[in-house]
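One structure is given below, encoded as structure tokens.
The values are calculated or read from the model by the stated rules, or taken from the named source; none is laboratory data. Model, not experiment: these values are computed from the prediction. For neighbour counting, all protein chains shown are included, and Cβ atoms are generated from backbone atoms with ideal geometry for every residue, glycine included. Only protein heavy atoms, including side chains, enter the accessible area calculation; ligands, DNA and RNA are left aside. Shrake-Rupley method; radii C 1.70, N 1.55, O 1.52, S 1.80 Å.
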Amino acid sequence: MEIERKYLPEYLPEHLEQYPCKKIEQAYLCTEPVVRIRRSDDDYYLTYKSKGFLVREEYNLPLNRESYLHLRDKADGIVLSKTRYLIPFLDNLTIELDLFDAPYEGLALAEVEFPDETSANSFVPPEWFGEDVTYSAAYHNSTLSRGKGPKK
């Protein structure tokens, strides 16, 4: 189960270079239901996600590089590329700050995963988080992959 809130940062925190980061590439084989492949540095996954916003079922299966590349050729839509910064936050939470490459360069999304819905609903974001877009399908990566995301 994935319990996550998503925000459009008003500005980025200073000194991002001090945080660990990953280079992520992901593509979608299907968007309803979501079936995604992802490369995160040198790790590869196939992911299924159910419909939903705050709470969604999510299953990850490991892939090898060859399987990932084979499936990437079958992707439907845009192959997304982004850098994800992992920023520690209160109560053992981690902010996942995604900075997108073209065609969405300039788009930044901050996500926080929670252990339960109560924590997610009582979350007070830092001031730089900006607008809460948790319930906006426009900011789902699967929507972005179809070229239907917000224009930045």
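In bins 5 Å wide, starting from 0, what share of all Cα pairs of the chain does each bin hold, as a percent?
2, 9, 18, 23, 23, 16, 8, 2, 0
When only DSSP loop residues count, what trypsin sites (Lys or Arg not before Pro) in segment 41-150 have their Cβ near at most 14 other Cβ atoms within 10 Å? Provide the component values of the computation, followed by the final result.
Numbers: sites: Lys49, Lys51, Arg56, Arg65, Arg72, Lys74, Lys82, Arg84, Arg146, Lys148; in loops: Lys51, Lys74, Arg146, Lys148.
For trypsin sites (Lys or Arg not before Pro) across segment 41-150 that sit outside H, G, I, E and B with at most 14 neighbouring Cβ atoms in 10 Å, the list reads Lys51, Lys74, Arg146, Lys148.
Would you mind calculating the gained length between Lys22 and Leu90 on full extension (0.36 nm times residue separation, minus the Cα-Cα distance), in nm to one decimal? Mind dumping the intermediate values first?
On the way: separation 68, 0.36 × 68 = 24.48 nm, distance 2.13 nm.
Here the answer is 22.3 nm.
Among Tyr11, Ile24, Gly147, which residue has its Cα positioned farthest towards the positive end of the charge dipole of the chain, with +1 placed on the Cβ of Lys and Arg, -1 on the Cβ of Asp and Glu, and the dipole taken about the Cα centre?
Gly147
Assuming R0 = 25 Å, can you tell me the calculated FRET efficiency for the pair Glu117 and Asp43, based on Cβ-Cβ distance, to the nearest 0.05? If you can, show how the numbers build up before the last one.
Values: r = 28 Å, r/R0 = 1.13.
With a Förster radius of 25 Å, E is 0.30.
When the chain is fully extended, how far beyond the present Cα-Cα distance does His70 get from Lys51, taking 0.36 nm per residue of separation?
Values: separation 19, 0.36 × 19 = 6.84 nm, distance 2.59 nm.
Working it through step by step, the gained length comes to 4.2 nm.
Where the accessible area of segment 23-94 is counted over protein heavy atoms with a 1.4 Å probe, how much of it, in %, is carbon and sulfur? Before the final figure, lay out the partial values.
Values: 2030 of 4100 Å².
Solvent-exposed carbon and sulfur of segment 23-94 make up 50 percent of the total.
Divide by every residue of the chain the summed helix terms, -39500 (n - 2.57) for each DSSP H run of at least 4, and state the resulting mean residue ellipticity at 222 nm, rounded to the nearest 500 deg cm²/dmol. Each step should come with its number before you reach the end.
Numbers: 3 runs with 18 residues, N = 152.
Result for the chain: -2500 deg cm²/dmol, rounded to the nearest 500.
Out of segment 73-126, which GluC sites (Glu not before Pro) are coil in DSSP terms and have no more than 13 other C-beta atoms within 10 Å?
On the way: sites: Glu96, Glu105, Glu111, Glu113, Glu117; in loops: Glu105.
Those that pass, being in a loop and sparsely packed, are Glu105.
Please state the charge dipole magnitude for the chain, taken about the Cα centre, from unit charges on C-beta atoms (+1 on K and R, -1 on D and E), reported in debye and rounded to the nearest 20.
Details: 19 positive and 27 negative charges, 148 e Å.
With Lys and Arg at +1 and Asp and Glu at -1, about 700 debye.
Give me the distance between the Cα centres of segment 1-48 and segment 86-140, rounded to whole Å.
11
Would you mind working out the accessible area per residue for segment 12-150, using a 1.4 Å probe, and quoting it in Å²? All intermediate terms of the calculation are to be shown ahead of the outcome.
Working: 7490 Å² over 139 residues.
Roughly 54 Å² per residue, with all protein chains present.
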